[in-house]
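The values are calculated or read from the model by the stated rules, or taken from the named source; none is laboratory data. As the structure is a computational prediction, the values presented were derived from the model and not from experiment. Ideal geometry is used to build each Cβ from the backbone, glycine not excepted, and the neighbour counts take in all protein chains shown.
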Amino acid sequence: MDELEKLNRQVEQLKAQEAENRQVIEAFKKDLEEYRDLLNQSSDPIFSFWSDGRYRHVNKAFAEGVSRPQEEIIGRTIWDVFPQEEADKRYAVVKWVFENGQTRVIEVRVPRSDGDRYYLTTVKPILDDQGRVVSVFCISKEITDRKKAEEQLRESEERYRMILENIEDGYYEVDLSGTFISVNDSFLRIVGYSGEEVIGKNFSQFTDPEAAQKTYRTFHQVFLSGESIKRYEFEFFRKTGDKRYIDVSISMVKSSAGSCQGFRGIARDITDLKAAEEERRNLEARMREVQKLESLGVLAGGIAHDFNNLLMAILGNADLALYSLPPASPTRHNIEEILKVSQRAADLCRQMLAYSGKGRFVIGRYNLGEIIREMTQMLEVSISKKASLRYAIADDLPSVEVDATQMRQIIMNLITNASEALGEQNGLISLSCGAKNCDRAYLADSYLDDDLPAGSYVFLEVSDTGEGMDTETQKRLFEPFYSTKFIGRGLGLAAVLGIVRSHKGAIKVVSERGKGTSFLILLPAVDRAPLEEFSPEEQDKPIGEGGTILLVDDDAHVRQVASEMIAYMGFKVLTAVDGREGLEIFRTHLQEINGVILDLSMPKMGGEEAFREFRQLRPDLPIILSSGYNEQDVIQRFTLDGLDGYLQKPYSLSNLREVLERVLDGEKRNDLNEDQSI
């Protein structure tokens, strides 16, 4: 009995245990279904594998991802779902997890008819109680949109890179310290370095300290303001050592958080452009100087006409007065001084014409020492009050064939230049004049050796105790319009060089910083003595013998004094105020008139038109043209007609006598149409 009860109790216990197990199983099934529903509700593909590559479980998202029902996938292998190559890659990962028991994360591609999908898959081992891998569990996160965005970003970066590599302008990026972190090929071509030589180097290593500091300040300005700079000029030393000027833009490089990480910009080489711009400015400056000279020429032409007419009246009247005085008259000295000063004024006018290119040299034989002595008073007032002027002029100097006016210009230019070299300091200016024999070696050492012959030369030397000149200044010393002064004097020493070379001379310059400067002018000496002036006694003999001269000039002072000079020589004088009146008088006295003195510039009818009218009425009529302009400039306008004579105002009685004698004796000036300038 006891044994039976014991068995019944065991049966009851087993039934209870079975009922409990059924409840557990039902609960597990219910939990499993809930778990499967939960997995199927996930938008992320979830699946698991057996060790042989068969799918143990897949959720709905996975089945939809591969476009197959779940029941067709579970129990099948990877190769049944994916192409061979793709399946091999996936199984290799599954196998590795089974063998190593470690989790791996991989990126997989799922081919679909509507376009490939990309997933980031975590492959995790499932272990039993013994720690053995019984299956692997996988969960995937779709990253298709991210992949597309990354691809688009890569494509965009590639396009951006291609653009940067193919543009002519350079591109650069630097960090906050100014270290290059990125440049394109065009930038490297501009700076003349390779990428390895630039990347990782600070920009300050490629420029001078002053330019580097300026650029640092500019970067800082962009950093503080946040505003880009469109144009900034940066000086860059190439590998070869030459300096290049680069026009760059500067803007900030920002992080995703908006903080400044560095700077970037476009770089353009403007070295050649700057050189061209500088050349353009220099050309414009030279053009302005040329225009100034042209304006000076116009001004000088007006002065030559009006000023020379006034000088004509002064010089002519003084000349007549001198010839009327007896040799012992106490007033002769005063009149001679008037004549001398008037000639100096006429020289000054001719100098202006020559300076502006409207005049020519008038060559004569002179003692250079006498020219200097005549200028001493003018030179003394032309120099600084702190400068002392010392002379050393040799006696019995050989003559030189020069234009006296141009020699005075040379002397004045050199003395003024020496005075300015002293500045505000006390100093000494020495002016020496003498003669020396020069061999070819000595002459060859002059500035711009013109292969001058060895021989006797007269020298003019101007020295100062000023600050002297450096080598660079001496190289540019004779350039037109070059000056070390704040305001230059135009041609300056270039004019001196031109005059000296035109006189077949040479220039030597010796200068050293702190030891002053010396200019030495060499002019060929001639054996002949200077031309002697006509004495008053030589002018007393009348040459008119009752002849008649028609004087045509619009200036009343010129008509008055020239009429007296002509009458003094024994001629009868007829006067007219312009070419039209002169023609009327000429027609009235057609056969009576022996010659015409005709002014060039007149109202109503000028000298050129009147000249041709006179020629038509009497082709054999001796006509002398008179003007303040230089002879060579005037006669070019009368080449075909042929002048008989020319008088440049202001002229003296001796000049007038010489021309009238030659013309009225029938000796026409056949050489008038030849260029007698040097």
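General observations
- Taken as a whole, the structure places residue 384 among residues that are small (Gly, Ala, Ser), part of a loop (DSSP other than H, G, I, E, B) and surrounded by 14 or more Cβ atoms within 10 Å (Cβ to Cβ).
- Checking each residue in the stretch 45-74 for being outside any strand (DSSP E or B), in contact with a Phe, Trp or Tyr (Cβ under 7 Å, 6 or more places away or on another chain) and not polar (S, T, N, Q) picks out 45, 53, 62, 73, 74.
- Any pair with Cβ under 7 angstrom, 6 or more apart, that starts in the stretch 44-70 at a residue that is over 16 Å from residue 137 (Cβ atoms) and ends at one that is part of a loop (DSSP other than H, G, I, E, B) and modelled with pLDDT of 85 or more: 63/69; 65/45
- Lone unmet requirement of (1) modelled with pLDDT of 85 or more; (2) among the aliphatic types (A, V, I, L, M); (3) out of contact with any Phe, Trp or Tyr (no Cβ under 8 Å at 6 or more places or on another chain) for residue 506: (3)
- Segments classed as helices (runs of 4 or more DSSP H), wholly inside the stretch 605-674, with at least 1 members that are at pLDDT 80 or above and among the charged types (D, E, K, R): 607-617, 653-664
- Just one of the listed residues (529, 567) is under 30 Å from residue 456 (Cβ atoms) and modelled with pLDDT under 90, namely 529.
- Within the span defined as the stretch 387-394, every residue fails to be closer than 27 Å to residue 345 by Cβ, out of contact with any strand residue (DSSP E or B) (no Cβ under 9 Å at 6 or more places or on another chain) and touching a residue at least 12 places away in the same chain (Cβ under 8 Å).
- Per this entry, residue 544 is not counted among residues that are more than 14 Å from residue 460 (Cα to Cα), in contact with a Ser or Thr (Cβ under 8 Å, 6 or more places away or on another chain) and modelled with pLDDT under 80.
- Candidate set from the stretch 50-78 (those that are among the small types (Gly, Ala, Ser) and out of contact with any strand residue (DSSP E or B) (no Cβ under 8 Å at 6 or more places or on another chain)); member that is surrounded by the most Cβ atoms within 10 Å (Cβ to Cβ): 63
- Every residue from the stretch 570-600 that is touching a Leu at 6+ places or on another chain (Cβ under 7 Å), assigned to a loop (DSSP other than H, G, I, E, B) and surrounded by 20 or more Cβ atoms within 10 Å (Cβ to Cβ): 593, 600
- Among residues of the stretch 496-517, those that are over 32 Å from the mean Cα position of the chain (by Cα) and closer than 21 Å to residue 436 by Cα, counted: 4
- Per-region count, the stretch 252-272, residues under 14 Å from residue 175 (Cβ atoms) and in contact (Cβ under 8 Å) with a residue 24 or more places away in the chain: 8
- Here the condition is being outside the structural domain of residue 569 (by TED's automatic domain parsing), in a strand (DSSP E or B), modelled with pLDDT of 70 or more and exposed (fewer than 15 other Cβ atoms within 10 Å of the Cβ); of 392, 328, it holds for 392 alone.
- Tally, over the stretch 79-97, of residues that are crowded, with 19+ Cβ neighbours inside 10 Å and out of contact with any strand residue (DSSP E or B) (no Cβ under 7 Å at 6 or more places or on another chain): 2
- Summed over the stretch 547-569, the residues that are surrounded by fewer than 18 Cβ atoms within 10 Å (Cβ to Cβ) and small (Gly, Ala, Ser) give a count of 3.
- Looking across the stretch 420-434, the residues that are touching a Leu at 6+ places or on another chain (Cβ under 9 Å) and either surrounded by 20 or more Cβ atoms within 10 Å (Cβ to Cβ) or on the phi > 0 side of the Ramachandran plot (or both) come down to 422, 429, 431, 433.
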